[in-house]
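To start, the structure under review is shown below, and the notes come after it.
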Amino acid sequence: MLESLLEEAGARPVHMGELVDQAAERGFGMIMVILGLPMLIPVLPPGSSTVVGSIYALFALQMLSGATVPWVPARVRKIVLSEGAVAILRRRGIPLLRSAERMSRPRGAWTGSRLVYRVAAVMVLLMGLVLLSPLPFMNVLPTVVVMLIGLGMLNRDAVFMLAGLAVGTVAMGLVVLSAGTILILIERIRRA
C-alpha cells in the first residue's frame, strides 16, 4: 500500500491525508506504522516528534472511544511530508515493512478483543504524550512501541502486540526515571 502510494505520487508532494485515506481500510495499525517510520531517523527537523506525538494521541483517543477507522482534522490532512521523509520511506520504510510482514502473522485470536484494543490505545496515548514531552532522546523508543503495537493490530499478531506493550512498559519506566532525575537536579540547583 505504501509503495503504491509513493509510486503514484512520483515527484509531487505527498500529503498526510493521502496516507490516512490509503491506510484507513486497514485501520489504525497501518497508519501507526507508517507515521513511525520517519521518526526512526536519528536527526529530525525540530517539532517532528510533537506532530507525530499529537497524531498518536489523537488516534489513541479515537481508539478509546471505539472508532475503528482513523480520522484526522483537515489541517493535519494538509501536512506535506518533506522530501527527506518520503525518500526515507522509499529507501528504508518499505524494506522494513516487508521484513515485518514476513515475520508477522495472525497469532492469538484475543488480539482483536475490545479489552486488548483499549489497552493498546492507552499505551499509544502514553507514548504520544512522551513524544510531546521535552525529555531529551525520547523519540525512537516510543515510536518503536507504537509501531510494534500497530503491527500487532494490523495482523492480529499477539507476539508483536505483547512486545509493544512490554517495551512500552520499559519506556514508561525510563520516562519516570528521567523525569525524577531531572526534578532532583532542578531541586539541587535551586537550593544551591
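All of the numbers you see were taken from the coordinates with simple rules; none came from a lab. The model shown is predicted, which means the values in this text are computed figures rather than measured ones. Neighbour counts run over all protein chains shown; Cβ positions are idealised from the backbone, glycine included.
Give me the Debye-computed log₁₀ of I(q)/I(0) at q = 0.08 Å⁻¹ for the chain, equal point scatterers on Cα only, no solvent, two decimals.
So the normalised log intensities are -0.26.
Rounded to the nearest 500, what is the 222 nm mean residue ellipticity of the chain from helices alone, with -39500 (n - 2.57) per DSSP H run of 4+ residues and division by all residues?
-22000 deg cm²/dmol
Give the relative contact order (percent, whole number) for the chain; include only Cα pairs under 8 Å separated by 6+ residues.
28 percent
If you take the Cα Rg of the range 50-152 and divide it by 2.2 N^0.38 Å, with N the number of residues, what do you get?
Computed over Cα atoms of the range 50-152, the ratio equals 1.15.
Which FRET efficiency, nearest 0.05, do V122 and R91 yield, Cβ-Cβ r, R0 25 Å?
E(calc), rounded to 0.05, equals 0.15.
Sorted from largest down, give the three principal axis spans of the alpha carbons of the range 95-192, whole angstrom values.
Extents along the principal axes, in whole Å: 57, 32, 17.
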